[in-house]
Each structure stands twice: as C-alpha cells, then as structure tokens.
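Structure, as structure tokens:
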C-alpha cells in the first residue's frame, strides 16, 4: 500500500512520538520520585539520628552543633549557625558549622567545648574574628529572635527588608557575605529561646520550601534540646540548694543534740559513776547523786521530745489539732525555758479553715525558724507572731524589735556561711507555692512575711 493508500500514517507517527515523549516524561518523574524518596529517607534518618543523639546528649553546645551540622547537610547551605537566647534578650552564638565539616559525616564525635565553627584548620583563623554575641534586635538573627518571625531571603545583599548595618552584623558573625539566607526563631511554649540560620554563597540558588520544612523540624528539635538543658540546669541548681539547706538543718539538729541531750546524758554517766563509787562509802550521798542523775535523764528526755516536736509536730496530724495549736504548743515550750535573753512573745491568729497537712507543716517550720532567729541572733525584746486567713491566702508574719541586719550583705555572704536558714525558708515557701519576704535594717528589727495562696480542697485531710 503506497502513501496515498495509508491516510493515517502521519497520525500514527505523531502518536508514536507523543507516546515516546510520555514514556520519557514518566521515566523522568519516576527518577525524580526515587530521588525525592531517597532525600526524604535520608532526611528522616538524619532527623531520627539527631533526635536519638539529643536525647542522650547532656551538653547543650554539643547538641546545637549536631543540629547545625544536619542543617548544613540537608539544606545545601555553606554555613549554619545555632544561637541561644540570653537573659538580656540577645543571642549567643553556640555553633557555626560549614558544608566541609558536614561532609566528614554526621556521626563524627562532637566536642562540646570545641571552637564555635568547623574543626577544619583553615577555618580557625576566620573563626577567631567571628562575632559571638548579638545584642537584642541586632543583625538579622537578633531581629528574628526579637520578633519571633522567620526571614527567608533569596539575596540578602539586595533585599530591601535588610538594612546595611544588619547585613554587616551577619557578615561578621558568619565570616562571609551571605547570599541566600534562612533564619528561624527557636520557640518553646511561646517563648523564643534561640535561632537557627543557614546561608548560601552569593549567586547560589535560593532555599526552597523543602529547606524551610527541614529548618522548621530542626528548630523544633533545638527548642526541645534547649528546654531540656535549661530544665536540667535548674534541677541541678535546685538540688544543690536543697542539699545545702539539708546540710544546714542537719548541722542545727546536730548542734541542738550536742548542746542539749548529749550534755545531759554525759552528766548522767558522770553522776552514775560517782553514785557507784559512793554506794559503799556513803549510801545517802549515793542516793542523792542518783536523784540528780534522774533529773538529768528527765531533762534529756524532754529536750529530745522538743527536738522531735520541732521536726514534725504530732498535733498537726490529729483531727482537732491544726497550725494554730502547733504554734501555741511550740511557743508555750519556747517561753517555758525563759531566760533574760528570751523576748516577750505575743501570738494572734485568725485561722478558721485548715490548709493541707504538708502546707501547715511548712508554714510551722518557717515561723519556727523566724522565731528562733529572733531569739538567737536578733537579741529582741519583743516578738509578735500573727496568722491571718482570707478567702484567697494565708498570711503569717513574725515581727521583732531586735538589732536587725543588712539583708544585702547577708545574702552576699551566704556562699561562705555555715548557716542556710534564710535560703531554707525561701525554698520551703516556694515548694508550697508561697511567697516569703524578709525586711530588716540594722537597729530597726526584722519583719518576716509568708503568704500562701489558698486553693479549693486545702482543708481536705
């Protein structure tokens, strides 16, 4: 059949050409899909590795360096920076990583206290000139931290949103002139705790949506790492304070035991030894010594009961007992041992509804410590204790007319002191959600005020 006899030949040729073109496009899309799947798999593996590493990484700088390395590797950046927000609202540069460093592998050991930038030797001289602190609002990263808004710029040098001074700060921090850049805030529970930045060279393609998604994920990981590190630091500081407070309280208990019951028991032993010697020679005198020994023993027993009461008043655990009863019992025993140095004590209370037992015990201990301070240190003539309850709070005050003290000086000297009473009182108040204030001036006495908020169910036993 000749050409004139096959009128559809041209259509068949065109259809075959289109089919071939479609096959090529399908092959291209399949290759692209495989490439994207490989990239996604690599991304997920990297993120999983970062998450697993961060969960076992106690050092915050090492964790942020790891995140900065992953950011460089997955976004195609030439440099990345991890910033940590400080108390002033500024930023501290915690890690600067380069694409060369990322090429050495994300699994390499990280030195927490190493230099800020890549461990590559050629970078060291440049890193020494990098800016390591960003003032509040300074530079692009500082602006991001202050506003909480990300910045994505395809060309920072020609971006009208970025002033020249801000670009200069960024160039100094990075040690290079940035081309395309992407800076995200690191946010934890609504608060900016840092920033994460990646940059490319001038003229390089801009960061894309995939890079933005990656950085969002890494910023979230950084937020958790920072929060965990800060929580760990607070827990460590609180643990140290509690240990010091417990050490101080143990010292006080040891001193009370030594100056009281231990002395009485030593007197008992000495007196009994003397009575034993006199038993054959002078039975009547020996009997007198036995009576004296019995008095020492009774006094030691009373002093031990007083110490145990101060540690945990049993009256607080009874149905009819409460904070007022515990304080009255304490003050009765306190004044029973009156000496010329014992101040006149007045106690006034309005306490219709009980707090929970643990809160009552804490209030009791704080008031007891304040009264002891008035006796042992203030040389007060009068001490007034007041307990006032409202619908929202319980307020306890201890006021004395003693010699007072310079509060600022005392707090500055605390690291070298062997007594931690004031800090212990503050810590105890914090544990029950209360607020403790101490006012004092030399020659003008001392006022201790404890306010504990009431919550529904406080009186439940």
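Label-to-label distance for residue 353 and residue 31 is 7.7 nm, based on points extended 7 Å past Cα in the beta-carbon direction. Solvent-free Debye calculation, one equal scatterer per alpha-carbon of segment 264-407: log10 I(q)/I(0) at 0.14 Å⁻¹ equals -0.76. Measuring max minus min along each principal axis, the C-alpha atoms of segment 327-382 give extents of 37, 18, 16 Å (largest first). Between the alpha-carbon centers of segment 281-301 and segment 353-376, tell me the distance in whole angstrom. That distance is 37 Å.
Any read-out appearing in this document is the output of simple, stated calculations on the displayed coordinates, not a laboratory observation. The model shown is predicted, which means the values in this text are computed figures rather than measured ones. As a convention, Cβ positions derive from the backbone with ideal geometry for all residues, glycine included, and neighbour counts pool all protein chains shown.
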